[in-house]
1. Which peptide among 202-211, 116-125 comes first, and what is the full order, when sorted by highest mean count of other Cβ atoms within 10 Å?
2. Compute the distance in nm between two label points, each set 7 Å from the Cα along the Cα-to-Cβ direction, one at LYS213 and one at VAL73.
3. Go through the range 192-197 residue by residue and turn each phi into a ³J(HN,Hα) via Karplus (6.51, -1.76, 1.60, θ = phi - 60°); whole Hz please, and just put x for glycine and proline.
4. Scan around LEU117 for amide H atoms under 5 Å from its own, H built in the peptide plane at 1.01 Å from N, and keep only partners 5 or more places away or cross-chain.
5. Could you give me the ³J(HN,Hα) list for the range 104-112, computed from phi with Karplus coefficients 6.51, -1.76, 1.60 and θ = phi - 60°, whole Hz, x at Gly and Pro?
6. Per residue of the range 89-96, what does 6.51 cos²θ - 1.76 cosθ + 1.60 with θ = phi - 60° give for ³J(HN,Hα)? Whole Hz please, x for Gly and Pro, Karplus curve as stated.
Amino acid sequence: MRDEEYLRALLEQNPAMGRQQQMGMPAAPYGGGMGRQQPQQQMGMPTAPYGGGNIGKGHLGRMGKAKASFNPVGVSFTLVALALGGLAWLVGARYTIDGIIWMFNLAMATVGESYRLEASRNLYLGMLVIPIIFSMVEWGMGKLVLKSEWETRILWAVVILIDLTTTGFGLAATEPGDLGILAWAVSSLLPIIGITFFLTFWPEWILKWGWRKLRVGWNSIAGM
């Protein structure tokens, strides 16, 4: 009897509950409106705790994270690619410095000066900063240049042109006998041009590609 009085009092306070019961629909607890099933429940997905309508952020984050798998073969291949790219970069840097030395000596001879730069280990180490700067500009400014002012684009193009020119002159100034079976590489203009472009652009490209792939591999290891 007490239960019937309690139910009658609830119906008087919330007439919507009475209409839902007359239609055969479940009423929401505590006098709420129509008890609608959440879309997540219809799809079999968990809802947030305490009656929230959305999936909990923690659960959604776990669902959205695909656990990357570590591929040792892929990482090994990437390390080999990085090693080859680094070796090719050093070769290109050497010929870039050779070209700078050759052009400097030519300029001194043109103005009648007897001073000459002689290639040595210390000179190569001291001038190594020049090809490093070239690579940083070519590698790091590639995407920025497209969004920069035209003066920046011209400067970027000049740096690339200097890099190509010095590398080409360095190859051309090399005696074929110094390269042994690779003497063909500096025997005519066409292979010099091809190797110049290869040594100028390929090492930076493969190093950038390998570094990006290696980062994915190490992140996969950390996530296991």
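1. Per-residue mean Cβ counts within 10 Å order the peptides as 202-211, 116-125.
2. Between LYS213 and VAL73, the simple spin-label model gives 1.3 nm.
3. Calculated HN-Hα couplings, in order: 5, 5, x, 5, 4, 5 Hz.
4. Answer set, sorted by chain and number: ASN105.
5. My calculation for the range 104-112 gives 5, 5, 5, 5, 5, 5, 5, 8, x Hz in order.
6. Karplus values, whole Hz, x for Gly and Pro: 5, 5, 5, x, 5, 4, 6, 4.
No value in this document is a laboratory result; all are computed from the given coordinates. The model shown is predicted, which means the values in this text are computed figures rather than measured ones. Glycine gets a Cβ as well: all are built from the backbone with ideal geometry, and neighbour counts include every protein chain shown.
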